1. Share of chain A's accessible area from carbon and sulfur, percent, 1.4 Å?
2. Full-extension gain between residue A:67 and residue A:108, please, as 0.36 nm times their residue separation minus the C-alpha to C-alpha distance.
3. If the chain between residue A:53 and residue A:12 were fully stretched, how many nm would it gain, using 0.36 nm times the residue separation less the Cα-Cα distance?
4. Which of the chymotrypsin sites (Phe, Trp or Tyr not before Pro) across the stretch B:45-112 are loop residues per DSSP, with 16 or fewer other Cβ within 10 Å?
5. Given a 1.4 Å probe and every protein chain left where it sits, what share in percent of the accessible area of chain B is carbon and sulfur?
6. With chain B treated as a Gaussian network of Cα nodes joined by springs under 10 Å, which of B:25, B:41, B:61 yields the largest mean-square fluctuation?
7. For residue A:43, enumerate residues with amide H under 5 Å from its amide H, sequence gap 5+ or separate chain, H modeled in the peptide plane.
8. Report the calculated FRET efficiency for residue B:16 and residue A:44 (r = Cβ-Cβ distance, R0 = 45 Å), to the nearest 0.05.
Amino acid sequence: DGGITQSPKYLFRKEGQNVTLSCEQNLNHDAMYWYRQDPGQGLRLIYYSQIVNDFQKGDIAEGYSVSREKKESFPLTVTSAQKNPTAFYLCASSLPGHFSATFGSGTRLTVV
Amino acid sequence: DAKTTQPNSMESNEEEPVHLPCNHSTISGTDYIHWYRQLPSQGPEYVIHGLTSNVNNRMASLAIAEDRKSSTLILHRATLRDAAVYYCILGLWNSGNTPLVFGKGTRLSVIA
């Protein structure tokens, strides 16, 4: 079945460590996105990529980095520069001309 | 980005219809109205979208005001599985690769 896989579902890291969240899709979608969600809040856009080897910053890109070397994959690195990294991270993908985006089930990152 | 206003929370009895309102008084002529919902600890899922006419699908109906400054998502018979946060989002007509901008949405509680 086609879909988006985010792994792991839960992730714990010590403060000051970089951590990479995985996002893989087999929907053949061109565009991929990363969002962050804090408790009781809506989703905020971190980065997005409309095509391989290209990506744009979203509203809260500071302290994060991404790469898009393959159409299927859009990993997100949470660096030590991100002041409050503990959050629920969601990856999504979409296709031009389609009105719906598909979301993964998320990775809950806790930094201690 | 055009902005939407939704109530923070709503409550419904099981098997009753639910009308979730959304105000978007600054909507432009090319903005589609999208609805997504997010079940607890999951990523958002597409519900429905529309431009001017009312729309129906297997999940819900979307009623759009004649002046397009407001819309209502209708769940015809609420079930416990419909308890979620519902987001009303505006987007361009061919925005397949334009990031969705999420507000805080409406948290729907369904009472058995």
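The values are calculated or read from the model by the stated rules, or taken from the named source; none is laboratory data. No experiment lies behind these values; they were computed from the predicted model shown. Glycine also receives a Cβ, built like all others from the backbone with ideal geometry; neighbour counts cover every protein chain displayed. Ligands, DNA and RNA are stripped out before the accessible areas are found, and what is left, the full protein with its side chains, is counted by its heavy atoms. Shrake-Rupley method; radii C 1.70, N 1.55, O 1.52, S 1.80 Å.
1. Working: 2610 of 5570 Å².
Carbon-and-sulfur percentage of accessible area, whole number: 47.
2. Details: separation 41, 0.36 × 41 = 14.76 nm, distance 2.03 nm.
My answer for the length gained is 12.7 nm.
3. Stretched fully, the residue A:53-residue A:12 segment lengthens by 11.9 nm.
4. Working: sites: B:46, B:86, B:87, B:93, B:102; in loops: B:93, B:102.
Hits after loop and neighbour filter: B:93.
5. Values: 2740 of 5850 Å².
Carbon and sulfur atoms account for 47 percent of the accessible area of chain B.
6. Most flexible of the set in this elastic network: B:41.
7. HN-HN under 5 Å from residue A:43: B:102.
8. Numbers: r = 33 Å, r/R0 = 0.74.
Approximately 0.85, to the nearest 0.05.
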